[in-house]
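Where a number appears in this text, it was derived from the coordinates with a stated rule and is not lab data. Since this is a predicted model, take the numbers as computed values, not measurements. Here the Cβ positions follow ideal geometry from the backbone for every residue, glycine too, while neighbour counts run over all protein chains shown.
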Amino acid sequence: MVHSRTLRVDYDKTTSVLCVVGSELNVNLNRSAPPNSKFFSVKCTPNVQYSISPKPRETLNLSPTPLNGKSVLLISMSSASQNENDSKLSIRYYGVNKEMLGKAILHLTAVEISLDVDADRDGVVEKNNPNKGSWKWGPKGHGAIVLVNCDSERTYWKQPDSEEDFISKVSDLKDMSVMVLRTKGPAQLPEGYKLTMHISQGDAESVRVFQSKSSEVSNNPLNKLFDYFVKDYPLVLSSEVLSQEVPYLGGVAEMNFYVEGLRFPDKDFDGLVSINLSLLEPISAGVPETPIFTDKVVFKVAPWIMTPNTLQPVEVFVCSTSDNYQFLKVMRNLVAKSGYKLKICHKYQNRGDRWMQDELEFGYIDSPHQQFPVVLDSPRDGNLQDFPYDELLGPDFGYVTRVAKRKDVSSLDSFGNLEVSPPVTVNGKNYPLGRIIIGVAFPTATKGRNMTKVVQDFLWAQKVQEPIALFSDWLYVGHIDEFMTFVPAPDRKGFRLLLASPDASYKLFRGLQKDGHGQAKLFEGLKDEEPITVDEILEDSSLQDENNYVQSCIDWNRDVLKKELGLDDEDIIDLPILFKLLVEDEGDAYRAVAYYPDMVNMIVLGKNLGIPKPFGPKVNGRCVLEAEMCSLMEGLGLNCTFIDDFATYHKLLGEVHCGSNVRREPFQFKWWNLEM
């Protein structure tokens with residue numbers, strides 16, 4: 001892109017001019033000519049190129065050139081100067097009889113200046129990419145990427161690096177995007193000229209810029225250490241400093257700057273920021289300088305991305321409580337068999353809060369130069385509230401949260417109510433990173449609970465996993481993981497959607513009754529739990545009515561999911577699960593809980609599933625609910641492990657998924673290649 005600049009020239013004067021290679025100087029010849037000028041001529045040294053617009057008609061032996069009111073001299077220089085004023089151009093003006101009336105002389109100094117970023121997203125900062133000043137999505141797109149610097153290089157007295165106005169460790173630089181100021185020219189700029197870098201107030205709330213700089217020599221080892229961490233990388237641009245002069249180094253030089261993101265895209269921020277560089281020219285003492293050249297780069301702040309059940313696990317997180325030793329034992333064996341790491345949150349950390357899924361959601365951020373996991377901390381803030389920050393935030397492990405007013409926070413803000421689908425294609429539109437799924441109140445509800453607005457705004461603003469809202473307020477706890485999950489599959493779309501289904505449960509139980517097993521009992525052998533026969537369940541008309549209501553709620557969501565994820569009925573598996581309604585404290589609302597352990601609320605570890613043990617009726621010594629589950633899952637090549645969570649989770653209105661969490665490998669697909 002050619003930068004054009006209008007240049008004022010005075011006749012009978014010698015003017016020193018600084019010209020940026022790649023820019024063009026425009027001289028209005030008529031405006032700068034002496035009175036009564038009719039002709040002009042131009043001479044220059046070899047490093048200077050010029051042309052005249054409009055182009056004069058070719059006339060034999062016509063020299064000098066006729067001057068008209070629109071004559072413009074276009075001047076450019078092809079390479080940088082080695083010394084100041086080492087190139088020249090003269091303009092001579094003539095009267096009607098071609099007598100010389102005046103002469104303007106330009107002493108020209110050429111410099112190369114470019115502010116460069118990784119605009120082609122290959123991990124290398126290329127020189128003067130023509131697309132560096134804009135953003136475009138897609139595999140043929142362009143534009144640089146910056147990460148929110150939300151991890152912490154410190155492990156003690158830590159806080160996210162983006163909240164510190166200095167670089168605590170040089171290793172922090174790898175989380176930032178490199179921006180290079182490249183210059184070429186004489187040893188120094190002509191007197192009074194200077195380079196400045198600047199940013200708008202709005203963009204400065206979202207990014208900061210540090211400069212790479214050699215620190216001064218110090219004889220004190222402690223000072224040298226301090227300089228290495230701090231003075232070598234001073235803060236250049238921030239919300240307090242919107243403009244700052246940057247050095248011109250002379251000769252052929254490169255200076256690195258490091259850009260860090262301060263906040264994620266959100267309702268009031270689309271993630272795009274601009275950083276500008278200007279070359280300023282002095283006018284006279286006491287008068288502001290004027291810009292004669294500007295360059296601009298654009299960054300897109302990387303979004304936070306969730307990971308679905310179909311991605312490979314890395315770590316499994318569970319809480320240790322005073323009553324869940326057996327649960328932990330089975331989980332430990334399952335995780336070890338699956339080949340992953342188990343991280344236990346101990347009692348002093350969880351303070352009795354066992355609901356690991358509800359407190360946080362794992363995701364990651366990605367760029368061509370760096371990638372690391374980022375935990376999203378829910379506004380739920382139970383006794384686990386300090387765990388994400390205190391135990392997860394650290395080097396190359398980021399943290400983000402959204403703070404809501406306590407009066408606005410409900411059970412729907414726990415992250416059992418936040419899931420993401422595997423990749424799907426819907427009506428020809430590709431979602432290679434899947435789609436986020438949340439639960440909210442029914443559209444017609446006037447007193448329903450909803451996920452708080454600040455969390456919803458954050459999720460929608462990430463754009464790369466366009467959210468879907470389901471109806472979950474019909475549940476007592478209100479989480480979508482109580483009636484749905486995804487498991488990997490070897491065919492079709494690469495996964496199956498599992499849905500809780502009272503209809504499937506009644507169908508199974510009626511089959512048992514028909515085959516003479518109506519006296520088989522649920523909950524048999526459970527301490528403090530009254531067994532109930534299949535016949536008794538089928539005779540309970542109130543329970544049937546409650547489950548008809550639940551099935552209608554699930555069917556509503558089934559239709560939404562089929563439409564929004566592009567699913568067919570063959571992509572969905574119905575699991576036999578019954579519910580019952582409880583009256584809330586106010587006494588005017590009935591909401592559902594699982595009647596027996598909710599098998600859909602499982603943990604997915606590759607091909608191994610950790611499923612709540614349902615304690616269903618037994619035939620020939622085997623639980624028919626477990627047998628049905630195994631039959632449905634083993635057809636997909638999945639292995640079922642049933643975990644007794646009855647007393648420690650189910651009775652507290654949660655299950656295996658609610659009490660665990662999984663950090664997974666990121667997608668191979670790069671979010672910036674999305675077609676938007």
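Highest first, please rank the peptides 507-514, 474-481 by the mean number of other Cβ atoms sitting within 10 Å of their residues.
On the way: 507-514: 16.2, 474-481: 24.5.
So the order, starting with the most tightly packed, is 474-481, 507-514.
Quick one: length gained pulling residue 134 to residue 290 fully straight, 0.36 nm per residue minus the C-alpha distance?
Using 0.36 nm per residue and subtracting the Cα-Cα distance, I get 53.7 nm.
Once you charge only the Cβ atoms, +1 for Lys and Arg and -1 for Asp and Glu, what is the size of the charge dipole of the stretch 104-189 about its Cα centre, to the nearest 20 debye?
That gives the stretch 104-189 a dipole magnitude of about 360 debye.
At q = 0.13 Å⁻¹, what log₁₀ I(q)/I(0) does the stretch 562-620 have when each alpha carbon counts as one equal point scatterer in the Debye sum?
Treating every Cα as an identical point scatterer, log10 I(q)/I(0) equals -0.58.
Quick one: go through the stretch 1-32 and flag any residue whose amide nitrogen is under 16 Å from the point 7 Å out along the Cα-to-Cβ line of residue 283.
Under cut-off, by backbone N: 6-9.
How big is the stretch 581-676 by Rg and Dmax over its Cα atoms, in Å?
17.7, 56
Given the stretch 364-416 reduced to its alpha-carbon atoms as identical point scatterers, what log10 I(q)/I(0) does the Debye formula return at q = 0.19, 0.22, 0.26 Å⁻¹?
Relative scattering, expressed as log10 I(q)/I(0), comes to -0.70, -0.84, -1.02.
Evaluate the charge dipole of the chain about its Cα centre and quote only its size in Debye, nearest 20, assuming +1 on the Cβ of each Lys and Arg and -1 on the Cβ of each Asp and Glu. Each step should come with its number before you reach the end.
Working: 73 positive and 92 negative charges, 670 e Å.
Result for the chain is approximately 3220 debye, rounded to the nearest 20.
Where in the stretch 78-117 does the label zone of residue 242 land, with the point 7 angstrom along Cα→C-beta and an amide N cut-off under 13 Å?
Backbone N within reach: none found.
So between residue 329 and residue 174, what do we pick up on full extension, going 0.36 nm a residue minus the alpha carbon distance?
Between residue 329 and residue 174, full extension yields an extra 51.9 nm.
Total Lys pairs in the stretch 3-112 closer than 18 Å by alpha-carbon, pairs eight or more apart in sequence or interchain only?
Qualifying lysine pairs in the stretch 3-112: 13.
Is the stretch 117-301 best put as rounded, prolate or oblate by its Cα gyration tensor, with a ≥ b ≥ c the root eigenvalues, rounded for a/c under 1.5, and otherwise prolate when a/b is larger than b/c, oblate when not?
Oblate shape, in that a/c is at least 1.5 and b/c is the bigger or equal ratio.
Label points 7 Å out from Cα along the Cβ direction at residue 3 and residue 249: separation in nm?
1.9 nm
Taking the highest mean first, how do the peptides 396-406, 410-420, 568-578, 431-441 order by number of other beta carbon atoms within 10 angstrom per residue?
Per-residue mean Cβ counts within 10 Å order the peptides as 410-420, 431-441, 568-578, 396-406.
Once a ≥ b ≥ c are taken as the square roots of the eigenvalues of the Cα gyration tensor of the stretch 307-418, is the result rounded (a/c under 1.5), prolate (a/b larger than b/c) or oblate (a/b not larger than b/c)?
Oblate is the answer for the stretch 307-418, as a/c is 1.5 or above yet b/c matches or exceeds a/b.
How about residue 521: which aspartates and glutamates have a C-alpha closer than 15 Å to its C-alpha, ignoring those fewer than 8 places off in the same chain?
529, 530, 535, 536, 539, 540, 626
Hey, any idea what the orientation-averaged projected area of the convex hull of the stretch 135-200's Cα atoms comes to, in nm²?
If I average the Cα hull's projected area over directions, I get 8.2 nm².
Tell me, what ³J(HN,Hα) does each residue in the stretch 500-512 have, in order and in whole Hz, if you take phi through Karplus 6.51 cos²θ - 1.76 cosθ + 1.60 with θ = phi - 60° and put x for Gly and Pro?
With coefficients 6.51, -1.76 and 1.60, one gets 5, 9, x, 4, 5, 5, 5, 4, 5, 5, 5, x, 4 Hz.
Once fully extended, how much extra length lies between residue 201 and residue 88, figured as 0.36 nm per residue of separation less the alpha-carbon to alpha-carbon distance?
Working it through step by step, the gained length comes to 36.6 nm.
Looking at the stretch 619-662 from every direction and averaging, what is the projected area of its Cα convex hull in nm²?
Working: hull surface 16.7 nm².
So the mean shadow area of the Cα hull is 4.2 nm².
Going down the table (341/405; 507/651; 463/563), which pairs top 31 Å between alpha carbons?
Exceeds cut-off: 341/405.
Given R₀ = 30 Å, FRET efficiency for residue 386-residue 337 by Cβ-Cβ distance, to 0.05?
That gives a FRET efficiency of 0.45.
If the reach is capped at under 27 angstrom between alpha carbons, list the lysines near residue 213, excluding any in the same chain fewer than eight residues apart.
Here the lysines satisfying the reach criterion relative to residue 213 are 127, 132, 158, 169, 174, 184, 194, 224, 231, 296, 300.
Calculate the radius of gyration of the Cα atoms of the chain to one decimal place, then report Dmax, the largest Cα-Cα distance, as a whole number, both in Å.
34.5, 123
Quick one: helix 541-565 against the long Cα principal axis of the chain, what's the angle to the nearest 10°, folded into 0 to 90?
20 degrees
Can you give the FRET efficiency for residue 13 and residue 55, using 1/(1 + (r/R0)^6), R0 = 30 Å, r = Cβ-Cβ distance, to the nearest 0.05?
Working: r = 27 Å, r/R0 = 0.91.
Plugging the Cβ-Cβ distance into 1/(1 + (r/R0)^6) gives 0.65.
Using a 7 Å offset from the Cα along the Cα-to-Cβ direction at both residue 270 and residue 545, what is the distance between the two label points in nm, to one decimal?
5.4 nm
Distance between Cα centroids, the stretch 387-450 to the stretch 131-166: provide it in whole Å.
22 Å
Would you mind computing, in nm to one decimal, how far apart the modelled labels at residue 103 and residue 314 are, each placed 7 Å from Cα along Cα→Cβ?
7.2 nm
Under 1.5 on a/c is rounded, so check that first for the stretch 305-673, then, if it is not, pick prolate when a/b is larger than b/c and oblate when it is not; a ≥ b ≥ c are the square roots of the alpha carbon gyration tensor eigenvalues.
Details: a/c = 1.43, a/b = 1.39, b/c = 1.03.
Judged from the Cα gyration tensor, the stretch 305-673 comes out rounded (a/c under 1.5).
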